[in-house]
Amino acid sequence: MTVFEAARDALAVALCGVGAFFFLVGTLGMLRFPDFYARTHAATKCDTVGAGSILLALALLRAPEPDALKLIVLVGLVLLSSPTTAHALARAAYRTGLLPVTGRVMRP
């Protein structure tokens with residue numbers, strides 16, 4: 001194993017670790033957050049950062065093969081589609097009257 005391969009493998013492991021961390025934190029956020037908007041935010045972080053970094057690590061490991069280009073295209077697709085979908089969902093929810101939880105107490 002050369003130094004280049006060892007560095008590539010270490011970077012891939014670090015990217016997979018970052019992805020797993022964001023998946024874990026995003027899942028906990030979806031379970032703990034109080035309303036639809038906050039949960040949508042947590043789910044978007046899972047998809048965008050978690051899946052993006054894991055796909056990037058896989059592309060790094062498959063670097064000389066044509067499969068790496070497919071994985072990089074998938075990273076771009078995830079980076080574009082996940083935030084756009086979350087924005088469309090949040091906008092539709094707001095327009096239909098779903099109000100966010102603010103935590104403020106209304107006094108009579």
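Conditions tested, residue by residue: (1) out of contact with any strand residue (DSSP E or B) (no Cβ under 6 Å at 6 or more places or on another chain); (2) at pLDDT below 90; (3) under 17 Å from D9 (Cα atoms).
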position	(1), (2), (3)
C46	yes, yes, no
G50	yes, no, no
L61	yes, no, yes
V78	yes, no, no
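Taking region 91-101 as the region of interest, how many residues are part of a helix (DSSP H, G or I) and either touching a Phe, Trp or Tyr at 6+ places or on another chain (Cβ under 6 Å) or of a type in the set (V, I, T) (or both)? Residues meeting the conditions: 1. Within region 4-37, the residues that satisfy the criterion of being surrounded by 13 or more Cβ atoms within 10 Å (Cβ to Cβ), in contact (Cβ under 8 Å) with a residue 40 or more places away in the chain and closer than 19 Å to V101 by Cβ are D35, F36, Y37.
Residues in region 1-22 that are under 11 Å from the mean Cα position of the chain (by Cα), among the hydrophobic types (A, V, I, L, M, F, W, C) and closer than 10 Å to I54 by Cα: 2 in all. Taken over region 55-89, the residue count meeting the criterion of being over 29 Å from R39 (Cβ atoms) and touching a residue at least 24 places away in the same chain (Cβ under 8 Å) is 3. Checked against the criterion of being surrounded by 13 or more Cβ atoms within 10 Å (Cβ to Cβ) and more than 30 Å from F4 (Cβ to Cβ), the candidates T48, T40, T84 yield just one match: T40.
Can you tell me which residues in region 6-53 are among the β-branched types (V, I, T) and within 20 Å of H87 (Cβ to Cβ)? Within region 6-53, T40, T44, T48, V49 meet the criteria. Scanning region 27-75 for residues that are in a helix (DSSP H, G or I) and either touching a His at 6+ places or on another chain (Cβ under 9 Å) or of a type in the set (S, T, N, Q) (or both) returns T27, G29, T40, T44, T48, S53.
The values are calculated or read from the model by the stated rules, or taken from the named source; none is laboratory data. What you are looking at is a predicted structure, and each value in this text was computed from that prediction instead of being measured. Cβ: placed from backbone, ideal geometry, glycine included. Neighbour counts: every protein chain shown.
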